[in-house]
Amino acid sequence: MVTILYALVFIFGLSIGSFVNAFEYRIRENKSISGRSFCPHCKHQLAWYDLFPLLSFILLRGKCRYCGKKISWQYPVVEFLTGVAFVGVFAKYFWIPAFAGMTFEGTGATLKLVVSLLLTFFIVFIAVLVGLHDYKTTYILSLWVYAGVLAAVIRIAISYQGVFAWQPIVSFATPFALAAFIPGLFFYSLYFFSKGRWMGEGEYELAILMGLALGFPLIVPAYYFAFIVGSVLGLILVYGSKQKQMNSEIPFGPFLMGGLAFALIFGQQIADFYARIILG
């Protein structure tokens with residue numbers, strides 16, 4: 001039963017990843033979001049049996065059925081990573097809390113748990129969409145980032161379980177606010193004083209989204225992931241490029257959004273591990 005449930009969530013994540021691939025392409029190419037999917041090379045409409053996430057890529061051996069040109073590895077990679085992320089989010093924010101000893105009283109608490117899970121799924125969707133678009137264009141989809149910010153704020157609100165009084169509410173919200181606005185101000189300062197040479201214009205918006213979605217201390221492993229993975233892959237991309245210029249522009253948004261998804265799933269375990277080391 002558990003295996004089947006996780007498989008269904010993985011398939012759901014694959015489908016969302018497939019949608020992100022198609023949706024981002026249409027945004028990037030300024031095409032209508034309605035209409036049938038088509039091959040980006042020959043523009044032939046794809047049949048329903050060409051649209052199975054990940055499976056179609058494998059069966060077609062990475063080539064278009066109609067023109068024979070190679071399908072970008074972006075498509076199965078995005079689908080697979082989104083599926084894995086959805087499974088991780090489902091386990092962390094629904095399955096484990098609901099069935100590993102945490103007690104919920106009444107349907108109201110169960111409904112809050114389900115809504116929180118759906119909001120977290122939506123934040124992961126935003127992270128994949130925004131990260132992919134930044135990778136392809138070096139442009140941040142600000143409108144979608146703010147949609148994610150709104151989802152994160154709602155998620156914070158419904159996760160509050162204290163009394164409705166000013167002091168406990170502020171105390172509960174402060175770790176999220178600080179995790180959002182201190183890095184956001186730092187990134188904006190880098191952008192402002194360097195006139196865009198050190199940091200892109202939209203990274204401070206991503207920092208706000210990350211902080212509100214994660215709070216403290218989960219924001220710490222998120223930035224560790226973003227900077228370490230970004231540095232390693234950035235050097236690999238620069239070294240592997242034909243120009244091999246260290247000043248080549250590499251978008252940082254995908255690494256920030258990867259850090260967001262990573263910390264949503266593994267951030268608490270990492271924070272607890274370091275806390276045990278520091279506190280003994």
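Of all residues in segment 39-71, those satisfying the criterion of being without any contact (Cβ under 8 Å) to a residue 12 or more places away in the chain and within 23 Å of the chain's Cα centre (by Cα) are PHE52, LEU55.
The set of residues in segment 173-191 that are under 19 Å from ILE158 (Cα atoms) and either in contact (Cβ under 8 Å) with a residue 40 or more places away in the chain or in contact with a His (Cβ under 9 Å, 6 or more places away or on another chain) (or both) comprises PRO175, PHE176, ALA179. Residues considered: LEU8, LEU119. Of these, the only one that is at pLDDT 80 or above, closer than 25 Å to ILE265 by Cα, in a helix (DSSP H, G or I) and touching a Lys or Arg at 6+ places or on another chain (Cβ under 6 Å) is LEU119.
Residues in segment 11-30 that are exposed (fewer than 12 other Cβ atoms within 10 Å of the Cβ) and either touching a Phe, Trp or Tyr at 6+ places or on another chain (Cβ under 9 Å) or in a helix (DSSP H, G or I) (or both): 0 in all.
Summed over segment 181-226, the residues that are exposed (fewer than 15 other Cβ atoms within 10 Å of the Cβ) and among the hydrophobic types (A, V, I, L, M, F, W, C) give a count of 6.
For segment 196-223, a tally of residues being part of a loop (DSSP other than H, G, I, E, B), within 14 Å of TYR274 (Cβ to Cβ) and of a type in the set (Gly, Ala, Ser) returns 0.
Tallying residues that are part of a loop (DSSP other than H, G, I, E, B) and surrounded by fewer than 16 Cβ atoms within 10 Å (Cβ to Cβ) within segment 34-45 yields 8.
In segment 122-150, the qualifying residues are those that are among the hydroxyl-bearing types (Ser, Thr, Tyr) and farther than 24 Å from TRP73 by Cα, and the one that is modelled with the highest pLDDT is TYR146.
Within segment 258-276, residues that are surrounded by 18 or more Cβ atoms within 10 Å (Cβ to Cβ) reach partners that are among the small types (Gly, Ala, Ser) and part of a helix (DSSP H, G or I) with beta carbons closer than 6 Å, at six or more positions or on different chains, in the pairs GLY259/ALA222; GLY259/ALA226; LEU260/ALA127; LEU260/ALA222; ALA261/ALA85; ALA261/ALA127; ALA263/ALA222; ILE265/GLY88.
Among residues of segment 158-175 being over 21 Å from VAL114 (Cα atoms) and of a type in the set (S, T, N, Q), the one that is modelled with the highest pLDDT is THR174.
The values are calculated or read from the model by the stated rules, or taken from the named source; none is laboratory data. Note that this is a predicted model, so its numbers are computed, not measured. Because the Cβ atoms are built from the backbone with ideal geometry, glycine has one as well, and the counts that use them run over all protein chains shown.
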